[in-house]
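Here the structure comes first, spelled out in structure tokens, and everything after it is commentary.
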Amino acid sequence: TPAAFAVVTDLKQPAVFRFNERLRTRTFTRALVNVSPGLPEDVEFHVKGNEVRVLPREGWRPGQIYQVVLRPGVEDMFNNRRSQAAELVFSTGPQVPPSALAGLVEDRLTRRPARDAVVEAVRRNDSTVYRAWADSAAFFALRFVPYGTYDLSVYADANRNGRRDPAESRQVGVSASVGPGQDTVQVFFVLLPNDTTPPRLLRAEPMDSVQVRITFDDPIDPDSGLVAATATLFTLPDSVPRSGRLLLQLEAAATAAARARTVAADSARAATAGRVGATRDTARVRQPTRSPAAIGPGGLATGAAASPASGPLPEKIAVLTSATPIAPGTYAVLVAGARNVNGLSGGGNARLTVKAAAAPARAPGDSLATRPPPDTVPDPAVRR
């Protein structure tokens with residue numbers, strides 16, 4: 001109670017959820033209750049028997065459309081836990097519109113569903129904040145919100161406290177409008193780490209005579225992170241720039257390029273030998289990006305991704321490839337213009353030591369005594 005989509009006039013009457021089992025109060029926390037619009041700390045709830053009573057401290061505000069949700073995790077006295085949310089929508093004045101801001105939230109670094117992410121939508125004309133949590137499949141829905149224009153943001157609520165903490169991943173800068181002609185809008189969020197520093201070069205390690213592994217402290221954007229990046233090798237101790245072309249690629253791209261060269265070489269050898277047939281490609285097949293759930297007609301929010309993140313994942317490791325072998329010695333590797341996933345450019349320098357290839361080990365000598373052939377062994381019975 002009240003009934004779904006009812007117009008409430010008693011603003012001090014709590015919303016009540018009744019279950020068919022007695023509830024466990026010890027495990028019922030504030031994280032299970034969401035009142036939108038409103039702030040988590042302004043909501044009071046009371047659990048007794050098989051009922052949960054929810055009411056803001058100052059009561060319901062007039063002229064609002066409320067969505068009260070008990071999130072999955074409510075338990076009874078026998079430790080049975082609900083896996084579905086319980087939702088109640090009612091009004092304190094206006095008519096409830098058939099509107100929705102809905103979509104998916106994914107982590108950009110892992111491309112995994114960002115479960116428990118919090119989506120906030122601020123209505124521009126009155127700064128009212130509406131809030132929804134993403135479920136275990138990273139789907140969220142702000143249903144029955146009033147028509148208007150909203151500024152949206154999302155953050156990963158790792159500790160489930162309902163507040164945006166400084167270290168939590170987020171995405172901001174998305175806006176959407178819902179109205180009679182466009183009452184359902186799809187929004188796709190991609191969470192990025194909250195990083196305000198540019199990427200920094202940590203170390204450089206030789207892989208072979210022509211390749212060097214470069215490690216950054218931030219994940220580099222796989223699409224544009226190395227487009228404007230430059231790399232230079234300086235011979236130490238004189239700091240003389242080493243001549244020769246250098247190619248800087250993220251590790252996955254460098255691995256794919258090496259695989260392509262191997263496949264091309266195998267094909268060339270097969271053609272030379274007169275063999276006919278396709279060379280087997282051992283590249284892993286990437287699973288297609290899953291499609292968002294169908295949520296009805298509508299447009300796409302401004303500033304939102306057209307679909308969840310796809311393509312290569314960001315990486316902290318890059319490969320520096322030289323067109324000619326790198327001679328043994330000590331070098332300084334200087335990288336500039338590398339961009340992390342937050343769009344910040346940086347680089348730095350690191351020391352590189354290339355050692356001479358070890359000489360091939362000599363086969364150990366045979367220390368067994370040489371025995372004479374059987375026909376030369378003297379017969380002890382024969383006397384000279």
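The values are calculated or read from the model by the stated rules, or taken from the named source; none is laboratory data. On a predicted model such as this, the values are computed, not experimentally measured, just so you know. Using ideal geometry, Cβ is built from the backbone for each residue, glycine included, and neighbour counts are taken over all protein chains shown. Side chains included, ligands, DNA and RNA excluded: accessible areas come from the protein's heavy atoms. Shrake-Rupley method; radii C 1.70, N 1.55, O 1.52, S 1.80 Å.
Leu55 contributes an accessible area of around 40 Å² to the protein surface, as traced by a 1.4 Å probe with all chains present.
Modelled spin-label separation between Ala228 and Arg53, with each label point placed 7 Å from Cα along the Cα-to-Cβ direction: 6.1 nm.
Taking 30 Å as the straight-line reach from the Cα of Lys12, the lysines in range (excluding those fewer than 8 positions away in the same chain) are Lys48. On a per residue basis, the range 150-251 carries 49 Å² of accessible surface, using protein heavy atoms and a 1.4 Å probe. Here the extension length gained between Arg164 and Thr324 equals 52.6 nm, from 0.36 nm per residue of separation less the Cα-Cα distance.
First compute the accessible area of the range 1-150 with a 1.4 Å probe, then give the percent of it belonging to carbon and sulfur atoms. Answer for the range 1-150 is 49 percent, counting heavy atoms of protein chains only.
Distance between the modelled labels on Thr25 and Met77, one decimal in nanometres: 1.3 nm (7 Å Cα→Cβ projection). In the range 89-150, the inverse of the mean reciprocal separation of distinct Cα atoms equals 12.8 Å; this is its Kirkwood hydrodynamic radius. Length available on full extension from Ala3 to Gln84: 0.36 nm per residue minus the Cα-Cα distance, which gives 27.2 nm.
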